[in-house]
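> Okay, here's the structure, questions in a sec.
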Amino acid sequence: MANKYTMEQMEEMNTDSLKQIAKNLDLTGYSKARKYDIIDMILESQGNTITPDNLADKTKKDVEKIARTAGIKVSKTDTKEQIINQVLAVSDPDKNKVHAFSGGVEGVRDMVGNNPTTIVVSCGASSGKFPVTGKTVQAVGDFLKEILNIDAAANAIVNGEEVSKTYTLSEGDTLEFVKRAGSKG
Amino acid sequence: MDIKIIGLGGIGSVLSEKIGRFLNFSTRENNHIMLIDGDSYEVKNFERQEFFQLGSKAEVKRSELSLKFDRIQFSHYNKYVNESNIKELILEKDIIFVCVDNHKTRKLISDFCSKLNDIILISGGNELTDGNVQIYIRKEGKDLTPKITDYHPEIQDPKDKSPEDMSCEELSKSQPQLFFTNFTVAAIMCWVFFKIINGVIPTESDVYFDINTMAVSAKTRKVKAA
């Protein structure tokens, strides 16, 4: 393979450029795929796919690197296990691989439904379960802004009541970022 | 049952027909629907608004629906809702459908309704491929659901203008809309209406949908203290 593309390089590219790369790699199924799905396909074709099963065998430093590639903000205080959980939250169990970054809600919805520490986070019609217990609303908003299309100025509601961005989420909480009301008619 | 439908564009032109049809063939008696809009149907509206002739939206719709549904008493008001006329249009125990295209009018109606004792307000709006329906219910002087301004600063402090405040140039410029999206808002407003007239007070106060992700989500939020 002449070139190997990194996640960071491809995030800077537009969809047409990514499709051209996919075409050059003789991939199939990319023509109607979304940007981050095409990135996944390319990464996978380059042998960059990481399975959840082998995450535990990696060093904490390597797991952190994978998490950052997946668009996850890693805190210095996070344990290796916590980081793995966050990576698994954006994984696709059917294919048993880790998405470099899930560009849509479908990729992460309900994927960690058996994890008791997950919290339902929503914005407008989009929602998903995420392992964000112990995180602040601000951190969750930053982490999920592209996945759930969260406006930076969106108010946050936990269990039906407005909260500040410094609120720390607990098990059992439900977090909503308020999407603006439709203006037209 | 006294129903006021405010705004007869992409959402209201569809909603008025569906609510009229439902009530006309129900066993409920003494149903009155007032159709309110200061705008006119023009040729350019055919793309996504339902009407059978050009002219005042309120008047055209009243004529059309009166012919279709003879068990309903229809009336019309062919001016925009404003601070001067709102107290004549919105009365205690009304069911108000807000299908307007600006937050300034939504706020005006919401603020007025929040001073009444008994009112049901169902407000819909959309962008190109997504939208939402808000539900405000007030019974015996108490809010049962949040006001439509409570969690929405864009409505509480609207930056847009009501049609009466717009110049002809501003009025002629309109953002692209999709009929399917208008229709979805109208359909969800019908869901809410159906629940309410069957005696169910919704705990949800905001229902969002997104055509692109084919998702619908209803939100339950607490009433804010006065």
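The values are calculated or read from the model by the stated rules, or taken from the named source; none is laboratory data. Please read these numbers as outputs of a predicted model, since none were measured by experiment. Ideal geometry is used to build each Cβ from the backbone, glycine not excepted, and the neighbour counts take in all protein chains shown.
> If you check B:A186 against the conditions, is it of a type in the set (G, A, S), more than 9 Å from chain A (Cβ to nearest Cβ) and touching a helix residue (DSSP H, G or I) at 6+ places or on another chain (Cβ under 6 Å)? Please lay out each step first, then the result.
On the way: of a type in the set (G, A, S): yes; more than 9 Å from chain A (Cβ to nearest Cβ): yes; touching a helix residue (DSSP H, G or I) at 6+ places or on another chain (Cβ under 6 Å): yes.
The answer is yes for B:A186.
> Would you pick out the residues in the range B:131-156 that are of a type in the set (V, I, T) and in a helix (DSSP H, G or I)?
Narrowing the range B:131-156 to residues of a type in the set (V, I, T): B:133, B:135, B:137, B:145, B:148-149, B:155.
B:I155 - this is the single residue of the range B:131-156 that is of a type in the set (V, I, T) and in a helix (DSSP H, G or I).
> With respect to B:I11, is the statement that it is within 22 Å of B:N126 (Cα to Cα), surrounded by 18 or more Cβ atoms within 10 Å (Cβ to Cβ) and within 14 Å of chain A (Cβ to nearest Cβ) true? Steps first, answer last, please.
Details: within 22 Å of B:N126 (Cα to Cα): yes; surrounded by 18 or more Cβ atoms within 10 Å (Cβ to Cβ): yes; within 14 Å of chain A (Cβ to nearest Cβ): yes.
Here the answer is yes, as B:I11 does meet what is asked.
> Let me ask another. Can you work out which of the residues in the range B:208-222 that are at the interface with chain A (Cβ under 7 Å from one of its Cβ atoms) and not in a strand (DSSP E or B) is nearest to B:V192 (Cα to Cα)?
Initially, the range B:208-222 is screened for residues at the interface with chain A (Cβ under 7 Å from one of its Cβ atoms), giving B:208-210, B:213, B:215-217, B:219-222.
Subsequent filtering for residues that are not in a strand (DSSP E or B) retains B:213, B:220-222.
Values: B:T213: 22, B:T220: 14, B:R221: 16, B:K222: 18 Å.
Going through the qualifying residues, I end up with B:T220.
> Just to check your reading of the model, which residue among A:G134, A:G141, A:G124 is within 22 Å of B:D150 (Cα to Cα), away from every other protein chain (no Cβ under 14 Å) and within 21 Å of the chain's Cα centre (by Cα)? Before the answer, list the steps.
Numbers: A:G134 fails: within 22 Å of B:D150 (Cα to Cα); A:G124 fails: away from every other protein chain (no Cβ under 14 Å).
Going through A:G134, A:G141, A:G124 in turn, the sole match is A:G141.
> Does B:F22 qualify as being closer than 15 Å to B:C190 by Cα, under 17 Å from the mean Cα position of the chain (by Cα) and surrounded by 14 or more Cβ atoms within 10 Å (Cβ to Cβ)?
Yes; evaluated as a whole, the condition is true for this residue.
> Could you please find all residues in the range B:188-217 being among the aliphatic types (A, V, I, L, M) and touching a residue at least 40 places away in the same chain (Cβ under 8 Å)? Show your work before the answer.
Kept after step one, since they are among the aliphatic types (A, V, I, L, M), are these residues of the range B:188-217: B:188-189, B:192, B:196-197, B:200-201, B:207, B:211, B:214-216.
The answer is B:I188, B:M189, B:V192, B:I196, B:I197, B:I201, B:V207, B:I211.
> If a residue has to be at the interface with chain B (Cβ under 7 Å from one of its Cβ atoms), crowded, with 21+ Cβ neighbours inside 10 Å and in contact (Cβ under 8 Å) with a residue 12 or more places away in the chain to count, how many in the range A:173-185 make the cut?
Summing the residues that are at the interface with chain B (Cβ under 7 Å from one of its Cβ atoms), crowded, with 21+ Cβ neighbours inside 10 Å and in contact (Cβ under 8 Å) with a residue 12 or more places away in the chain in the range A:173-185 gives 3.
> Take the residues of the range B:25-65 that are of a type in the set (S, T, N, Q), surrounded by fewer than 19 Cβ atoms within 10 Å (Cβ to Cβ) and touching a helix residue (DSSP H, G or I) at 6+ places or on another chain (Cβ under 8 Å): which is nearest to B:I109 (Cα to Cα)?
In this case the residue turns out to be B:S40.
> While we're on this one: If I filter the range B:47-62 for residues that are within 14 Å of another protein chain (Cβ to nearest Cβ), in contact with a strand residue (DSSP E or B) (Cβ under 6 Å, 6 or more places away or on another chain) and closer than 25 Å to B:F180 by Cβ, do I get at least one hit?
There is at least one residue in the range B:47-62 that is within 14 Å of another protein chain (Cβ to nearest Cβ), in contact with a strand residue (DSSP E or B) (Cβ under 6 Å, 6 or more places away or on another chain) and closer than 25 Å to B:F180 by Cβ.
Yes/no per residue for (1) in a loop (DSSP other than H, G, I, E, B); (2) modelled with pLDDT of 75 or more; (3) surrounded by fewer than 15 Cβ atoms within 10 Å (Cβ to Cβ):
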residue: A:I39; (1), (2), (3): no, yes, no
residue: A:L43; (1), (2), (3): no, yes, no
residue: A:D53; (1), (2), (3): no, no, yes
residue: A:K58; (1), (2), (3): yes, no, no
residue: A:K61; (1), (2), (3): no, yes, yes
residue: A:E64; (1), (2), (3): no, yes, no
residue: A:V74; (1), (2), (3): yes, yes, no
residue: A:D78; (1), (2), (3): yes, yes, no
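> For the range A:151-172, how many residues are within 14 Å of chain B (Cβ to nearest Cβ), over 18 Å from B:K224 (Cα atoms) and either part of a strand (DSSP E or B) or in contact with a Ser or Thr (Cβ under 9 Å, 6 or more places away or on another chain) (or both)? Outline the logic, then answer.
Of the residues in the range A:151-172, the ones within 14 Å of chain B (Cβ to nearest Cβ) are A:151-163.
Narrowing the set further to residues that are over 18 Å from B:K224 (Cα atoms) leaves A:151-153.
Narrowing the set further to residues that are either part of a strand (DSSP E or B) or in contact with a Ser or Thr (Cβ under 9 Å, 6 or more places away or on another chain) (or both) leaves none.
Matching residues across the range A:151-172 total 0.
> Taking into account only those residues within the range A:1-37 that are within 23 Å of B:N212 (Cα to Cα) and touching a Leu at 6+ places or on another chain (Cβ under 8 Å), which is surrounded by the most Cβ atoms within 10 Å (Cβ to Cβ)?
A:Y30
> Restricting to the range B:1-52, name every residue that is of a type in the set (D, E) and in a helix (DSSP H, G or I).
Initial filter on the range B:1-52 (of a type in the set (D, E)): B:2, B:17, B:29, B:37, B:39, B:42, B:47, B:50.
Selection gives B:E17, B:E47.
> Quick check, is B:P163 under 19 Å from the mean Cα position of the chain (by Cα), more than 17 Å from A:G124 (Cα to Cα) and within 12 Å of chain A (Cβ to nearest Cβ)? Explain how you work it out, then say what you get.
Working: under 19 Å from the mean Cα position of the chain (by Cα): yes; more than 17 Å from A:G124 (Cα to Cα): yes; within 12 Å of chain A (Cβ to nearest Cβ): yes.
Spelling it out, B:P163 is indeed under 19 Å from the mean Cα position of the chain (by Cα), more than 17 Å from A:G124 (Cα to Cα) and within 12 Å of chain A (Cβ to nearest Cβ).
> Does any residue of the range B:136-157 turn out to be at the interface with chain A (Cβ under 10 Å from one of its Cβ atoms), over 23 Å from B:W191 (Cβ atoms) and either in contact with a Pro (Cβ under 8 Å, 6 or more places away or on another chain) or of a type outside the set (K, R) (or both)? Talk me through it step by step, then tell me what you get.
So the first thing to find is which residues in the range B:136-157 are at the interface with chain A (Cβ under 10 Å from one of its Cβ atoms), and the list is B:146, B:148-155.
If we keep only those that are over 23 Å from B:W191 (Cβ atoms) as well, we get B:153-154.
Those left that are additionally either in contact with a Pro (Cβ under 8 Å, 6 or more places away or on another chain) or of a type outside the set (K, R) (or both): B:153-154.
Yes, some residue in the range B:136-157 is at the interface with chain A (Cβ under 10 Å from one of its Cβ atoms), over 23 Å from B:W191 (Cβ atoms) and either in contact with a Pro (Cβ under 8 Å, 6 or more places away or on another chain) or of a type outside the set (K, R) (or both).
> Tell me the residue from B:G20, B:G7 that is modelled with pLDDT of 95 or more, out of contact with any Pro (no Cβ under 8 Å at 6 or more places or on another chain) and on the phi > 0 side of the Ramachandran plot, please.
Working: B:G20 fails: on the phi > 0 side of the Ramachandran plot.
None of the other options fit; the residue is B:G7.
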